[in-house]
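A.B. asks: Pasting in a structure now, in structure tokens, and then I'll have a few things to ask.
The values are calculated or read from the model by the stated rules, or taken from the named source; none is laboratory data. Computed from a predicted structure; not experimentally measured. Heads up, the Cβs are rebuilt from the backbone with ideal geometry, glycines too, and the neighbour counts pull from every protein chain shown. Heads up: the accessible areas ignore ligands, DNA and RNA and are worked out on the full protein's heavy atoms, side chains in. Shrake-Rupley method; radii C 1.70, N 1.55, O 1.52, S 1.80 Å.
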Amino acid sequence: MKKFTFKGVLDGFRSSAPQPPRVDQEIVETLRPDHFTVAKTFRHGFPFQPTAVAFDPIQHLLALGTKSGSLRLLGRPGVDSHMQHETDAAVIQIQFLTNEGALVTATSDDSIHLWNFRQKKPEVVHSLKFQREKITYIHLPLQSKWLYVGTDKGNIHVVNIENFQLSGYVINWNKTIDPTRKTHPGAIVHLSDNPADSSKLLIGFNCGQLVLWDLRSRCAEIRWQATEGLLSVAWHHEGKQFVCSHSDGSLSTWQARQQSAKPFSISTPHAKPNKDGKLDPCKPIQKVEWKGLRTTGEAYLIFSGGLPHDTAGRAPSITVIHGKTTTVLEMEHNVVDFITLCESPWVSDFQDPYAIVVLLQNDLVVIDLLTPGFPCFENPYPMDIHESPVTCCTYFADCPSDLIPAFYSVGSRTQKRTGFSEREWPVDGGEWSPTSCSYNEIIITGHADGSVKFWDASAGTLQVLYKMKTAKVFEKPRTKSTECSGMDDDPFAIQLISLCPESRKLCIAGASSHIILFKFRKQEATNETWKLEIPVNYEHLEEGGEYSPDYEYPPRQTIKTEVASEAKEVGPLRVRTGLQKKPPGFQAYLVCISIGLHGEPSSQITALCINSSYRLVAYGTECSIVVVDTEQRVCVLNMMTPDLYGSADPYQRVPRSPKRLNETSNEDRCRSPTSDQASLEEVDAKEDQQQEKSRRHSVPWRKKKFSFRKMRLSNVKAPNKEMLNFEEAPNAPTPTPEQPSPAESASFEEAFEAVEEVLLRESPTEEVLEADSPSPVAPPRTKRKQRPQTLSLENNQPEMLTRKVSSPALNMKVRDLRRVEEDASSWDAVGRVMKKLNKLDSSFSRSRSSSMSSLENISNESVQCLAFVDSYTRKSDSSPCPTLWVGTSLGSVLTVMITQPVSVEARLTTPVVLQPCGTIFRLKGTILTMSFLDCNGALIPYSYETWKDEKQEASKERSKTCSVEARPSISPTTTASTSAAEQFGDRQFAVLVSEKHARVVALPSQNCVYRQQLAETNFVVKSEIISLRDSICLVCYLSSGQLSAYTLPSLRPLIYMDFLPLADLSFQTSKQGIQGIVDPMLSIWGQQMFVNEDTDQIARTFCFSNRGHGLYLCSPTEMQKFTVSAEFCQSLNEMVGEMFLTREMPEPPKESFFRGLFGGGSRPLDREELFGESSGKASRSVAKHIPGPTLEGMNQRATSASSEVSRAHQMMVERGEKLGVLEERAERMRNEAESFSTSAHQLMLKYKDKKWYQL
């Protein structure tokens, strides 16, 4: 008999119930962790805060160093390499090993580094760190392996660059100066060889002391003393004279072969005599160069600085003196350094200069010396990304193929640059061949001045295609308005960009709470720009009187459109009226401005989305959502965020007491929360007096003080449980720890019941709203005064277009807030219960400011994410319909149903109706992105209208098509997925991602089928659903600096790698006065909050795109591209240009017979004999040698190789011994065989002639 057990009974129950197949068994996810590799690929832009520049005259390569320790090697367009020192110490000087594929850098941490760029990825070979002295200057003679290093103590050390070992040859400062000198000469500011005699080293100290040191005799040959501080020195190519630049703006020339107390000549090029006959003081001449020209024999004297101090408004300059002509070239930014490009690398010959590379603080300028007027070369590098500060970026990988030619065609016609040199760009080193890329990439950058730039980022390059200025849509502001003090100083700054690539419709959101819709046209057009003013405010009704219990709160908004002639301009921006001539490209079609009453600034725009198929534009602000019909040019939805919930609002909102502008003082705005609490009774008394004399008016939605002492709740309705948590599918995974347990749900119910019981016990039987209540609540009233909100539509049409479009009323039941007699004990109980509720609440709220207002109950809820899609809004839906999905800063996801006419003709006249559906999903943290998958797990393509040239196809009907873009898809088992869809009725997956969690919800059943916690102590800064290897995945960048990826739809983790510390991007918030980003977290009433600056600005410049590509703003002037695709990393080496090419060194100049006879020619120097082993060994305490990672790897490989060789040698020896033994055996066997053969032969001969019978 079978034994009865409790486990067997449970197993029987489980087997009897039908088990539905799991979704993860039906959809085949092809992505694996080995498909991902995180790597930085290309860097574009101007190096931020440059400090040094160098040029290789043979390889024609340019090197730029920065304050952060980065290096950029530039050659011909496409040859661009970025390098970074291990430390972030500033690069103070760069020296090329001419035509050897290497360079030496000196950094501010007193280290020198040898870089090798013979391979495509440059690497550090050696490093040498000085222990006791600071490096101030380095000098490497041409074709020499000995580097001179000057220090702040006035000493000069010699380093062998082959092994980075110090030589025993040291030039001490006390041996160079005059014995009679009693003071230290200071730091070394210059080192150079005499062009005619390399055994003579010219040493310059910052005090003005000059010494010609004889390397052979190890003594000072000649000394000079300048009256002013020394900044730089330049030799004449003959080696007989040198010129010095000084701190007083003067140039002094000295004879190299005679010692004199005074210079041969002294001049102050830009000084002018004043009334007293003395020269005006001038700025220092930071650097001077003296280059000879073979054709004319006249030399070029080039220097930076030296202008008079009292010249007001004079820009930084480069001065070129050629013969008797002096040319001053003014620069737009401060000059950091410059270098003259010459044909010959030999300093002892005519060098024939042909260009000047000027490194400015924010630009790189190359001046043509061979063209009259010295024009500039047109820079082929994308160095003007920061022409105006970048405020947002959008990255499109695998965009339509016809988009780049279209942008380039209009850009080449509208942006014709003149005044540049006709000669070719002189920095043309390296080799790069454009690789054929199967897809195009476009980057769109928005800037602080309102300009938008379109860049071609295909095949690792960056080239500007087209630029437009949105500020031209508006009139020029006369003065800076004080009304927009809450905004940035740039009213036209671009904050958000939304582009539909297929329809070529562009929508941008600006800092002045405005959006502009652009349409792309190839031809110039003359038309008007429509304007739509959209107020964002609540309607507060008059107090007193009798009202109906059916009163709606908030009331419906009445929207009306007016023509421009009768519209009242409100706000800092005014749209240009009348016919406007618009160049080819994106032409402004509609401008929407969100305004507040009384000229107050409205809320900033936080989300933007455009859909060309629906012909709608939606944008969200800090407190509302607006949807505009671009076809009829009307606002079809203007609703505060709390109104989207209807009667199912889960949050306890803090009503804000409206206050007129004249009642608001600076004292109130600057008051701290503690002072507000201290003076609570006084404030309430004043409010009681003011409320008796005033009526409520329609005011903008803005933050005001709220007194809890005046608030009473007459009834509290428990939130909908379906709204607070996802409904679990029968086969859903086990809830994660962050989900409320059944015990917690019971606690919710008990807490709400307790609140309701206490409040109902304290409520009066007669509901009366007292006049001194400071909060604009919704009482039960019998009549109301409607104040329609007007939207003015601006255009000079002969007739007025007037039509009322009402947003649908929501079925909401909002209880009144009452003021009754206070009972301390009752409200203490309420406070304890509310704290319990807040503690149990699973919502995550990251404070958008560092003020104490974040500790109050929820008052503002901003819209952070928007998505148009054909989807399901209710569980009973059988087919998808147009919807708008809204994600908020409190983690709520709400849906809005869109009802629009089917026919094209009716679409022009019939209004579009938007109805909030009440479907609510809640996650922890701000909603970052939303995407939708079909039942096979493939990304649902968005619908759009194809772009058509209006002039050529004006008569043709528009056609609605699906995206022709190759959408990523997952290859499932078709039968299994179909059966699942039939069984569950789910035909879509909605992927909802917040700062903390990710959820996959099946639609229309609204079951949460997959969930994943993305971050615990940190949060997600940016997330996106991208395509990769014909599949899709979720990629996230975390505030802790990691990149993570997850499969879809199962949200299985793929990678979690260190990528970029968030502190490296803090420069984007420091300009607002925030010193970096800090992530301390506080736990207040169970809510986790950040008390420092938010990362919204960083997220606007951090982009993910298809095929695993990404982009972020690594500095205010540079963009860094990266990838998470291992397949792309394998082909990355082919896309990078070749830096080093084998080129022959030009022959040194030949000396004439008489010049060599009389000692005028250059004399060779055997530096190996002077600085080699014969000079002794240097002290180990002077500097420490640090081998580079490449050298360490080579040493390790060499060690392993030597061990392998020794082991192979030992095996060969053993094999040889064995072969020797075998050889001996073979020899012995051969001898034995020969003896046997001899014996057999003799025996044969013996019996050869005998008969058988003779044997």
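A.B. asks: Checking Pro584 against (1) at pLDDT 50 or above; (2) open to solvent by 30 Å² or more (accessible area, probe 1.4 Å); (3) not polar (S, T, N, Q): exactly one of these is not met. Which one?
C.D. replies: The failed condition is (2).
A.B. asks: Hey, another quick one. Quick check on this structure: which one of Val358, Val365, Val347 is among the aliphatic types (A, V, I, L, M), buried (at least 19 other Cβ atoms within 10 Å of the Cβ) and part of a loop (DSSP other than H, G, I, E, B)? Explain how you work it out, then say what you get.
C.D. replies: On the way: Val358 fails: part of a loop (DSSP other than H, G, I, E, B); Val365 fails: part of a loop (DSSP other than H, G, I, E, B).
After ruling out the rest, the residue left standing is Val347.
A.B. asks: Moving to a separate point now. Scan Leu928, Leu933 and give me the residue that is open to solvent by 30 Å² or more (accessible area, probe 1.4 Å), farther than 19 Å from Ala648 by Cα and not in a loop (DSSP other than H, G, I, E, B).
C.D. replies: On the way: Leu933 fails: open to solvent by 30 Å² or more (accessible area, probe 1.4 Å).
The unique qualifying residue is Leu928.
A.B. asks: Residue under question is Gln259, and the condition is that it be modelled with pLDDT of 90 or more and farther than 21 Å from Val328 by Cβ; does it hold? Talk me through it step by step, then tell me what you get.
C.D. replies: Numbers: modelled with pLDDT of 90 or more: no; farther than 21 Å from Val328 by Cβ: yes.
It is false that Gln259 is modelled with pLDDT of 90 or more and farther than 21 Å from Val328 by Cβ.
A.B. asks: Right, something else. Might you let me know whether segment 1122-1136 holds any residue that is farther than 28 Å from Ile497 by Cα, at pLDDT 55 or above, open to solvent by less than 20 Å² (accessible area, probe 1.4 Å) and part of a loop (DSSP other than H, G, I, E, B)?
C.D. replies: No.
A.B. asks: Just name the residue that is surrounded by the fewest Cβ atoms within 10 Å (Cβ to Cβ) out of those in segment 875-899 that are under 39 Å from the mean Cα position of the chain (by Cα) and in a loop (DSSP other than H, G, I, E, B).
C.D. replies: Result: Pro880.
A.B. asks: Next up: Do we find that Ser1083 is among the small types (Gly, Ala, Ser), open to solvent by 10 Å² or more (accessible area, probe 1.4 Å) and modelled with pLDDT under 90 in this structure? Full working, then the answer.
C.D. replies: Working: among the small types (Gly, Ala, Ser): yes; open to solvent by 10 Å² or more (accessible area, probe 1.4 Å): yes; modelled with pLDDT under 90: yes.
Spelling it out, Ser1083 is indeed among the small types (Gly, Ala, Ser), open to solvent by 10 Å² or more (accessible area, probe 1.4 Å) and modelled with pLDDT under 90.
A.B. asks: Among the residues that make up segment 224-247, is at least one of them of a type in the set (A, V, I, L, M), open to solvent by less than 20 Å² (accessible area, probe 1.4 Å), within 14 Å of Gly154 (Cβ to Cβ) and more than 49 Å from the chain's Cα centre (by Cα)? Steps first, please.
C.D. replies: Here is the first cut: in segment 224-247, the residues of a type in the set (A, V, I, L, M) are 226, 230-231, 233-234, 243.
Pick out the ones that are also open to solvent by less than 20 Å² (accessible area, probe 1.4 Å) and you get 226, 230, 233-234, 243.
Next, only the ones that are within 14 Å of Gly154 (Cβ to Cβ) stay: 230.
Now narrow it down to the ones that are more than 49 Å from the chain's Cα centre (by Cα): none.
Checked segment 224-247: no residue is of a type in the set (A, V, I, L, M), open to solvent by less than 20 Å² (accessible area, probe 1.4 Å), within 14 Å of Gly154 (Cβ to Cβ) and more than 49 Å from the chain's Cα centre (by Cα).
A.B. asks: Separate question: Would you tally the residues in segment 1007-1058 being touching a residue at least 40 places away in the same chain (Cβ under 8 Å), open to solvent by less than 30 Å² (accessible area, probe 1.4 Å) and either closer than 27 Å to Asn936 by Cα or touching a strand residue (DSSP E or B) at 6+ places or on another chain (Cβ under 6 Å) (or both)?
C.D. replies: Going residue by residue through segment 1007-1058, those that are touching a residue at least 40 places away in the same chain (Cβ under 8 Å) are 1007-1013, 1017-1037, 1039, 1043, 1045-1055, 1057.
Restricting the remaining residues to those that are open to solvent by less than 30 Å² (accessible area, probe 1.4 Å) gives 1007-1011, 1018-1021, 1023, 1025-1028, 1031-1037, 1039, 1043, 1045-1051, 1054-1055.
Restricting the remaining residues to those that are either closer than 27 Å to Asn936 by Cα or touching a strand residue (DSSP E or B) at 6+ places or on another chain (Cβ under 6 Å) (or both) gives 1007-1011, 1018, 1020-1021, 1023, 1025-1028, 1031-1037, 1039, 1043, 1045-1051, 1054-1055.
Counting residues in segment 1007-1058 that are touching a residue at least 40 places away in the same chain (Cβ under 8 Å), open to solvent by less than 30 Å² (accessible area, probe 1.4 Å) and either closer than 27 Å to Asn936 by Cα or touching a strand residue (DSSP E or B) at 6+ places or on another chain (Cβ under 6 Å) (or both) gives 31.
A.B. asks: Hey, another quick one. Say whether the condition of being within 29 Å of Thr98 (Cα to Cα), touching a residue at least 40 places away in the same chain (Cβ under 8 Å) and among the polar types (S, T, N, Q) is met by at least one residue in segment 165-178.
C.D. replies: Our first condition is that a residue be within 29 Å of Thr98 (Cα to Cα); within segment 165-178, this holds for 165-172.
Then keep just the ones that are touching a residue at least 40 places away in the same chain (Cβ under 8 Å); that gives 165-171.
If we keep only those that are among the polar types (S, T, N, Q) too, we end up with 165, 167.
The answer is yes, given that some residue of segment 165-178 is within 29 Å of Thr98 (Cα to Cα), touching a residue at least 40 places away in the same chain (Cβ under 8 Å) and among the polar types (S, T, N, Q).
A.B. asks: Further question on the same structure: Count, please, the residues in segment 432-453 that happen to be surrounded by 14 or more Cβ atoms within 10 Å (Cβ to Cβ) and either polar (S, T, N, Q) or outside any loop (DSSP other than H, G, I, E, B) (or both).
C.D. replies: Looking only at that region, the number is 11.
A.B. asks: Identify the single condition in (1) open to solvent by less than 30 Å² (accessible area, probe 1.4 Å); (2) modelled with pLDDT of 95 or more; (3) of a type in the set (A, V, I, L, M, F, W, C) that Val79 does not satisfy, given that it satisfies every other one.
C.D. replies: Of everything listed in (1) open to solvent by less than 30 Å² (accessible area, probe 1.4 Å); (2) modelled with pLDDT of 95 or more; (3) of a type in the set (A, V, I, L, M, F, W, C), Val79 misses just condition (2).
A.B. asks: Let me ask another. Being open to solvent by 40 Å² or more (accessible area, probe 1.4 Å), of a type in the set (Lys, Arg) and at pLDDT below 95 is the filter here; which residues of segment 267-324 pass it?
C.D. replies: Result: Lys272, Lys275, Lys278, Lys283, Arg294, Arg314, Lys324.
A.B. asks: Being of a type in the set (Val, Ile, Thr) and open to solvent by less than 20 Å² (accessible area, probe 1.4 Å) is the filter here; which residues of segment 596-650 pass it?
C.D. replies: Let us first name the residues in segment 596-650 that are of a type in the set (Val, Ile, Thr), namely 605-606, 610, 617, 621, 625-628, 630, 634, 636, 641.
Across segment 596-650, the qualifying residues are Ile605, Val617, Thr621, Ile625, Val626, Val627, Val628, Thr630, Val634, Val636, Thr641.
A.B. asks: Go through segment 25-69 and give me each residue that's within 14 Å of Ser1115 (Cα to Cα), more than 17 Å from the chain's Cα centre (by Cα) and open to solvent by less than 50 Å² (accessible area, probe 1.4 Å).
C.D. replies: Pro50, Thr66, Gly69
A.B. asks: Same structure again: Looking only at segment 264-287, count every residue that is aliphatic (A, V, I, L, M), more than 17 Å from Ala234 (Cα to Cα) and in a strand (DSSP E or B) and tell me the total.
C.D. replies: 1
Quick grid of which residues meet (1) more than 24 Å from the chain's Cα centre (by Cα); (2) open to solvent by 40 Å² or more (accessible area, probe 1.4 Å):
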site: Leu370; (1), (2): yes, yes
site: Gly373; (1), (2): yes, yes
site: Phe377; (1), (2): yes, no
site: Pro380; (1), (2): no, yes
site: Met383; (1), (2): no, no
site: Pro389; (1), (2): no, yes
site: Cys392; (1), (2): no, no
site: Tyr395; (1), (2): no, no
site: Ser401; (1), (2): yes, yes
